[in-house]
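Visitor: The structure that follows is given in the form of structure tokens.
The values are calculated or read from the model by the stated rules, or taken from the named source; none is laboratory data. For clarity, every value in this text was computed on a predicted model and none was experimentally measured. Virtual Cβ from ideal backbone geometry, glycine too; neighbours counted across all protein chains shown. These accessible areas exclude ligands, DNA and RNA; they are computed on the full protein's heavy atoms, side chains included. Shrake-Rupley method; radii C 1.70, N 1.55, O 1.52, S 1.80 Å.
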Amino acid sequence: MKRPLLFLDVDGPLNPYAAQPERRPEGYTTLRVPRDAALVDEVSLSSRRRTLRVWLNPAHGRALLGLGYDLCWATTWMAEANRWIAPVLGLPELPYVDFGDALFRERPDGVHWKTASLVEHAAGRPFAWVDDEQTAPDRAYVDAHHPGPALLHHVDPRIGLRDDGFHALADFARSVDDSQDSGPRLFRQAASQPHADDPPIRVR
């Protein structure tokens, strides 16, 4: 029996790019990447920088590997995520979704440009998708076009993937394993809201 897929965005969930620039989150390390090393959504990251400042938590790699998924990059970095992001996190080379002509292409229905490609890539297989740009139209699209269980977990780019996110992903993976024959379900996950007194992430 195949494990569920986990589609991983980089900027937002793993790299909390919207955090206060003078306050690197506890447990994170700074990576400087040449701007031409990755395709960058200019809405997310300033195009004025000569290099990209990427904050990564090395503990996340082990935590992700222990969740019970087959990991897959779902990011504008595409293949470059294996060159720059995976080594810092201690991840092996992972498959990635090649968005091709869909990259950054806006849709009139408000569905994110990634969504259709991820549903196609999953091909009915249960999946979780971690991203900071999901909205209600994406959930509706997955519900209508994906026959298997799916979790769309929205991450606030000011705080990145935290304990509650890892717990939600682990719970979903267990539920898929326990109920493969229960029919298609869409797991909706509310966006977490940051608080000034939030504790730093602790990956167990």
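Visitor: Compare the peptides 166-177, 11-22 by average per-residue count of other Cβ atoms within 10 angstrom and give them in order, highest first. Please list the in-between numbers first.
Guide: On the way: 166-177: 17.9, 11-22: 19.6.
Per-residue mean Cβ counts within 10 Å order the peptides as 11-22, 166-177.
Visitor: OK, next. Calculate the FRET efficiency for ALA102 and GLU26 from the Cβ-Cβ distance with a Förster distance of 41 Å, rounded to the nearest 0.05. Before the final figure, lay out the partial values.
Guide: Numbers: r = 36 Å, r/R0 = 0.88.
Plugging the Cβ-Cβ distance into 1/(1 + (r/R0)^6) gives 0.70.
Visitor: With every atom except the alpha carbons ignored, what do you get for Rg and Dmax of the stretch 45-103, in angstroms?
Guide: Here Rg and the maximum Cα pair distance are 12.8, 39 Å.
Visitor: Please give, to one decimal in nm, the separation of the simple spin-label points placed at ARG174 and ARG62, each 7 Å out from Cα toward the Cβ.
Guide: 2.1
Visitor: Which ³J(HN,Hα) values, rounded to whole Hz and listed in residue order, are derived for the stretch 149-154 from phi using the Karplus coefficients 6.51, -1.76 and 1.60 in 6.51 cos²θ - 1.76 cosθ + 1.60 with θ = phi - 60°, glycine and proline given as x?
Guide: x, 8, 10, 9, 9, 7
Visitor: In addition: Which chymotrypsin sites (Phe, Trp or Tyr not before Pro) from the stretch 49-141 combine a DSSP loop assignment with at most 14 other Cβ atoms within 10 Å?
Guide: Details: sites: TRP55, TYR69, TRP73, TRP77, TRP84, TYR96, PHE99, PHE104, TRP113, PHE127, TRP129, TYR141; in loops: TYR69, TRP77, PHE99, PHE104, TRP113.
Those satisfying the criteria are PHE104.
Visitor: What is the spin-label model distance, in nm, from ARG158 to ALA123 if the labels are put 7 Å beyond Cα along the C-beta direction?
Guide: According to this spin-label approximation, the distance is 4.1 nm.
Visitor: Moving on. To the nearest 20 Debye, how big is the dipole of the stretch 65-165 about its Cα centre, given +1 on the beta carbon of each Lys and Arg and -1 on that of each Asp and Glu?
Guide: Working: 8 positive and 16 negative charges, 14 e Å.
That gives the stretch 65-165 a dipole magnitude of about 60 debye.
Visitor: Students often get this wrong: which residues of the stretch 69-84 have the backbone nitrogen under 14 Å from the point 7 angstrom along Cα-to-C-beta of GLU93?
Guide: Within reach of a label on GLU93: 79-84.
Visitor: Still on this structure, please answer the following. For ARG3, what accessible surface area do you get with a 1.4 Å probe? Give it in Å², rounded to 10.
Guide: 100
Visitor: Please compute the modelled spin-label separation between ARG50 and LYS2, points set 7 Å along Cα→Cβ, answer in nm with one decimal.
Guide: 4.6
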